[in-house]
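The values are calculated or read from the model by the stated rules, or taken from the named source; none is laboratory data. As the structure is a computational prediction, the values presented were derived from the model and not from experiment. Note that we place each Cβ from the backbone using ideal geometry, even for glycine, and neighbour counts take in every protein chain shown. The protein model used for the area step is the full one, side chains on, heavy atoms only, and it has no ligands, DNA or RNA in it. Shrake-Rupley method; radii C 1.70, N 1.55, O 1.52, S 1.80 Å.
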Amino acid sequence: MGSEKRVAIGADHAAYHMKEELKLFLKELGYECVDFGTHSAEAVDYPDIVFPVARAVASGEVPRGIVLCGTGIGSAIVANKVPGIRASLCHDTFSAKHARAHNDANVLAMGARVIGMGLAREIVREWLAAEFEGGRHARRVDKIVRLEEQLLPVEVRRGPTSPPRAKEHPPRGNQGG
């Protein structure tokens, strides 16, 4: 199975059942899931699950990740703390498609207490099917990457968690101003 058909997935206790159902759905779509937990409905703290998912995506171990909690908000916040992650909280298919097409989002966050399973499946389907459009969007994503580079010490950016670049135009060096 190609690496593009691998997805990291993780959820806290509030979204455990949604994660388990999404794993089956992803398998139907031909994806291999790398499950970072939780593995029961027993209470856990979402940062303990989401951070390893985001690190796996940032390191290139998997190209995309899905993180779930009660609202999806906390999961998106945690994932976006990892250099190179562009996590988008999506509770509708339009946002999911555009998170990929315009923002090159590499992590999808959803809330199990906000949306039902049927909609979650459709969001995942749209998000996985969408391709980054590049063009003016690549320029904007590159600006996000450059901001991250300015804010983070070089030792944080080095190694396997260096921020992934937008797929089309590699970022230009500091152009001043």
May I ask you to compute the full-extension gain from ILE73 to GLU28, defined as 0.36 nm times their residue separation minus their alpha-carbon distance, rounded to one decimal in nm?
13.5 nm
Length added when fully stretched, ASP48-GLU149, from 0.36 nm per residue minus Cα-Cα:
33.8 nm
Can you give me the three principal axis dimensions of region 73-113 from its C-alpha atoms, in Å, biggest first?
26, 25, 8
Among the listed pairs LYS19/LYS143; LYS27/LYS143; LYS27/LYS81, those beyond 31 Å (Cα-Cα):
LYS19/LYS143; LYS27/LYS143
7 Å from Cα along Cα→Cβ at both VAL114 and SER40: what's the point-to-point distance in nm?
2.9 nm
Here, ARG125 and GLU61, labelled 7 Å along Cα→Cβ, have an inter-label distance in nm of 3.0 nm
Accessible surface, 1.4 Å probe, highest first, among residues GLU28, GLU21:
GLU28, GLU21
Once you have a ≥ b ≥ c as the square roots of the Cα gyration tensor eigenvalues for region 21-113, tell me rounded if a/c is under 1.5, and otherwise prolate or oblate according to whether a/b is larger than b/c.
rounded
